[in-house]
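Only the coordinates and a few stated rules stand behind these numbers; no lab work does. All values derive from a computational prediction rather than experimental measurement. Backbone-built Cβ (ideal geometry, glycine too); neighbour counts: all protein chains shown.
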Ligand SMILES: Cc1cc2nc3c(=O)[nH]c(=O)nc-3n(C[C@H](O)[C@H](O)[C@H](O)COP(=O)(O)O)c2cc1C
């Protein structure tokens, strides 16, 4: 056990040293610079009207920034955490602490983490590697860590790539979700899940939300690259393996658009490569509740509290001016401010299947189309929803059962059940023995069409209050495939 402790805390010391001495930036862009606000020469607010305050974890923050989880457990970490805590308290930022694994094993390391007295009013986050739940760390251990640090929440970091690049990294990620679910249910304080700089996909975000996490930090690609940090500490072939991942991961903006598109209400933190207040504003407008900064804060804090304070002030004052010049007096209005994504028009597609009922029957697929749009990362454009069948249609209409009965009567009036040449099986070639008599189903599909197009705005289907997307079964019940193709940016 002592050997593990030494290695985990000496690894943290190496990480600090490498982050301070080397270029560890990702090769990937964050994607945030693709987005532009519309500048207002006539914002119709005063600079002093701009309010940056927000609530997070039941605490008031003066500005929507998080100093992301970084350090603790080494001698060098103590002054850095103290400087960061003082800055967090002064600017009303949330503060994350580095992984507390070493502290669980060596309680004497507490002073290197313990900053609550310096930052009594801000949201304070304890941190653990999620994989430690598969390596013997229990819910009681996690609770002990939160109590020791007097934290408001526990952040679990998900770092499979990073662990896989450490010679004796913890790579037992199988079955982790169930343990995360148990932790969320029993810990007693909110659990937040994050990556460490390779992004969280829409699929993983949904699983984590269903497991009960309170919030997600997408920690996307474009900033500190943990494959690069590990590469600097490696020799031999694994060093080349690490080098291959410098551009790896889902860029922060893409991760945000995906997760926010799918989970409109989950508290969301954006981190990964956020280097100035304009990028922070874009992340907020893309749906982040707060924005996290790690690497630059570390480098500033290593120079002292004043330097970290200067960086904090720069972030706040830049964000304030973006809000002023977009006429946004609050973070809520910033989220509505016109935001244009530049770059190429792209197209991508996914399909899903559903089991229908006896036709005519109306199957609401709106959420599944929205999930597909989120997965494909479309921010602004259109989505084409197609039935891949000749007796099932796709339409937009209202989800009201009596209206569906009206539609059924209407369809049956226009194309009644009998009287079709197509149903004269003796005149058709290669007819299977169970061929249905469905001339009316084909004719009804001809009326409704196999495709519908829905606009997408800020990652969400732009539907009117009563509009839903339906697959309309016009024949017998069966599995049906729907194709969702996005066009846009
Ligand atoms: C020196 C350093 C140590 C870090 N240690 C942790 C950690 O213990 N736990 C964690 O969840 N993330 C850790 N991170 C990752 C950051 O919280 C953040 O997700 C990532 O660095 C991306 O943000 P950035 O591009 O602003 O640096 C660390 C980052 C740095 C720079």
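Quick notes on this one:
- Separation between Cα centres of the stretch 228-248 and the stretch 53-68, rounded to whole Å: 35
- Euclidean distance of C-alpha centroids, the stretch 165-222 and the stretch 304-358, integer Å: 23
- Working ranking of peptides 215-225, 288-298 by packing, defined as the average number of other Cβ atoms within 10 Å per residue, highest first, is 215-225, 288-298.
- The long axis of helix 2-21 is offset from the longest Cα principal axis of the chain by roughly 90 degrees.
- Dividing the helix sum by the residues of the chain, where each DSSP H run of 4 or more adds -39500 (n - 2.57), gives a mean residue ellipticity at 222 nm of -11000 deg cm²/dmol.
- Highest average first, the peptides 264-276, 472-484, 390-402 ordered by how many other beta carbon atoms sit within 10 Å of their residues are 264-276, 472-484, 390-402.
- Mean separation of Cα contacts under 8 Å (6+ apart) over length of the chain, as relative contact order %: 17
- With semi-axes defined as the square roots of five times the eigenvalues of the C-alpha gyration tensor, the equivalent ellipsoid of the chain measures 50, 27, 20 Å, largest first.
- Cα long-axis angle, helix 252-262 against the chain (0 to 90 degrees, to the nearest 10): 50
- The simple spin-label model puts a point 7 Å past each Cα toward its Cβ; for residue 405 and residue 140 those points are separated by 6.1 nm.
- Helix 139-149 and the longest principal axis of the C-alpha atoms of the chain enclose an angle of approximately 50°.
- Theoretical FRET efficiency, 1/(1+(r/R0)^6), r = Cβ-Cβ of residue 420 and residue 353, R0 30 Å, to 0.05: 0.60
- Placing a pseudo-label 7 Å from each Cα along the Cα-to-Cβ vector at residue 367 and residue 346 gives an inter-label distance of 2.7 nm.
- With the simple model of a label 7 Å out from the Cα in the direction of the Cβ, residue 185 to residue 434 spans 4.0 nm.
- Mean Cβ count within 10 Å, highest first, over the residues of peptides 443-450, 254-261: 254-261, 443-450
- DSSP finds beta bridges in the chain, and of those with both partners inside it, around 65 percent are antiparallel.
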